[in-house]
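The values are calculated or read from the model by the stated rules, or taken from the named source; none is laboratory data. What you see is a predicted model, and the numbers here were worked out from it, not measured in a lab. Reconstructed Cβ throughout: ideal geometry from the backbone, glycine too, with neighbour counts over all protein chains shown.
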């Protein structure tokens, strides 16, 4: 099941968790998926309890993220002038076990993460370009330029 | 740093862990790495405390695994008739924080995993082919055909 969401180009796809007494197998992304474009890099980002990692934007890179450990809030802000959803903010609660999904995030969107768990959560990211600092931008999580207030609880 | 190991074709590469108070960033694999061939699939396998997942063999698929959460023992048995390391068994203790690495495992090798942690460990696997049961074989962890005794402790 693939569903489009309230920000143009952002796609949320539910992923399989295959239960096993020894530990589950968790799908993420296959090369024959319509969400796969090109392999740039796969890496992980931990989010410690109560931590916030925000805001970031990539001018070229497309992300495919999943949360195989813990649970996070992902917030995306659409400030693309020509977007049909310009000005929108979308919030996603993502992770185990009840919303294990892939979120496809095209470039030129501001995004950030917040822990929603008492353990360290793990975000996996499979991108279409390898890390390149020249195409990444950032702003502090309390920036006035983005109409969103992170819950500090 | 890339080091070859005592089984022909198996390569162990130390990976960067970039410390951050909010949660570390953990490298895994880039498309411009000499260990990257082709993108087949990325998925995860949990290993619960004291669990063993063994034995498996892929006839075509190459694996690139990392352990971003917890710690495991990986055992590889080389039964390839034409291999220069035919008959060898290799054991690797892999995971956070002291041996966070990528292990490149070519096809036609028997392998298995065992938890070495009190928490659930997470194995990430980035393969050159998407999952295809027709190229996978398995044997029970106590099979007499592999000269290795899993420690049940």
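State yes or no: is residue B:65 facing chain A (nearest Cβ under 7 Å) and surrounded by 22 or more Cβ atoms within 10 Å (Cβ to Cβ)? For residue B:65, the condition - facing chain A (nearest Cβ under 7 Å) and surrounded by 22 or more Cβ atoms within 10 Å (Cβ to Cβ) - is not met.
Take the residues of the range A:68-79 that are crowded, with 18+ Cβ neighbours inside 10 Å and assigned to a loop (DSSP other than H, G, I, E, B): which is farthest from the other protein chains (Cβ to nearest Cβ)? Taking the candidates together, the pick is A:78. Within the range B:17-38, the set of residues being within 14 Å of residue B:97 (Cα to Cα), touching a residue at least 40 places away in the same chain (Cβ under 8 Å) and more than 7 Å from every other protein chain (Cβ to nearest Cβ) comprises B:17 only. Residue under question is residue B:56, and the condition is that it be more than 8 Å from chain A (Cβ to nearest Cβ), outside any loop (DSSP other than H, G, I, E, B) and surrounded by fewer than 17 Cβ atoms within 10 Å (Cβ to Cβ); does it hold? Taking the combined requirement at face value, the residue satisfies it. The residue that is surrounded by the fewest Cβ atoms within 10 Å (Cβ to Cβ), counting only those in the range B:105-151 that are within 25 Å of residue B:27 (Cβ to Cβ) and more than 14 Å from every other protein chain (Cβ to nearest Cβ), is B:107. Using the structure shown, decide if residue B:93 is assigned to a strand (DSSP E or B), surrounded by fewer than 22 Cβ atoms within 10 Å (Cβ to Cβ) and either within 13 Å of chain A (Cβ to nearest Cβ) or more than 12 Å from the chain's Cα centre (by Cα) (or both). When the stated conditions are applied, residue B:93 does not pass them. Do we have any residue at all in the range A:2-11 that's within 16 Å of the chain's Cα centre (by Cα) and either facing chain B (nearest Cβ under 7 Å) or closer than 26 Å to residue B:102 by Cα (or both)? There is no residue in the range A:2-11 that is within 16 Å of the chain's Cα centre (by Cα) and either facing chain B (nearest Cβ under 7 Å) or closer than 26 Å to residue B:102 by Cα (or both). When the criteria are applied in full, residue B:82 fails the requirement of being at pLDDT 95 or above, loosely packed, with under 13 Cβ neighbours inside 10 Å, out of contact with any strand residue (DSSP E or B) (no Cβ under 8 Å at 6 or more places or on another chain) and not in a loop (DSSP other than H, G, I, E, B).
Conditions (1) modelled with pLDDT of 95 or more; (2) not in a loop (DSSP other than H, G, I, E, B), marked per residue:
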site	(1), (2)
A:39	yes, no
A:60	yes, no
A:97	no, no
A:126	yes, yes
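Being at the interface with chain A (Cβ under 9 Å from one of its Cβ atoms), over 11 Å from the mean Cα position of the chain (by Cα), at pLDDT 95 or above and surrounded by fewer than 21 Cβ atoms within 10 Å (Cβ to Cβ): is that true of residue B:48 here? So residue B:48 fits the description; yes.
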